[in-house]
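Student: Right, I'll just put the structure down here and ask away after.
The numbers here are math on the coordinates, done by the rules we state, and not lab data. All figures in this text were calculated on a predicted structure; none of them were measured in a lab. Methodologically, a virtual Cβ is constructed for each residue, glycine included, from the backbone with ideal geometry; neighbour enumeration extends over all protein chains shown.
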Amino acid sequence: MRNIDEKSMVMQFISLNKDSIYRLAYSYVRNKDDALDVVQDAIYKAMKTKASLKDPSAVKSWFYRIVVHTSLDFLRKRKKVQPMEDEKLQTFMDGAEDVYSDIDIEKTLEELPEKYRSVIVLRFFEDLKIEEVADVLNENVNTIKTRLYQALHVLKGEMKDYISKEER
């Protein structure tokens, strides 16, 4: 009976949070189809390992951890070769100019070391609490606080560089 409860609990969580789950996967792989593949793989892995979920109240961090690891595995397999999405490719083909200045948050986040990017994405884009981020990344809360501080420091430096370029 417990097996049915685990399955329905996990499926209910996924159904209620499908947009956040997709957004999390997309934040790593940067492609719609690849993000859907990652989500599908993560769901499959979750269904296979649902017995490893000891605390039902931790289903969010448990599943997010699976999504993050699945995304990272996907990226490792692809070796950072990312084809452009059709919309972006069309923009370049039409000769459209970038309406923004030099700052690009996606590019800046991609340039961050993985340990910093994961913390920033989970904390600010997925709106997880520090404790939840620590649980998802399987790290100590103090480690996450330190990484968050360091990541913000790096981003602040990037902003200073951007501002000084604009003033020239």
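Student: Using DSSP to define loop residues, name the trypsin sites (Lys or Arg not before Pro) in segment 31-80 whose beta-carbon has at most 15 other beta-carbon atoms within 10 Å. Write out the running numbers ahead of the final one.
Tutor: Details: sites: LYS32, LYS45, LYS48, LYS50, LYS54, LYS60, ARG65, ARG76, LYS77, ARG78, LYS79, LYS80; in loops: LYS54, LYS79, LYS80.
When the trypsin sites (Lys or Arg not before Pro) of segment 31-80 are filtered for loop state and at most 15 Cβ neighbours within 10 Å, LYS54, LYS79, LYS80 remain.
Student: If you don't mind, there's one more thing I want to ask. With r defined as the distance between the Cβ atoms of ASP33 and GLN150 and R0 fixed at 35 Å, what FRET efficiency is calculated, to the nearest 0.05?
Tutor: Numbers: r = 33 Å, r/R0 = 0.94.
That gives a FRET efficiency of 0.60.
Student: Per-residue HN-Hα couplings for segment 21-34, Karplus 6.51 cos²θ - 1.76 cosθ + 1.60 at θ = phi - 60°, whole Hz, x for Gly and Pro?
Tutor: Ordered by residue, 3J(HN,Hα) equals 5, 4, 4, 5, 4, 5, 4, 8, 9, 6, 8, 4, 5, 5 Hz.
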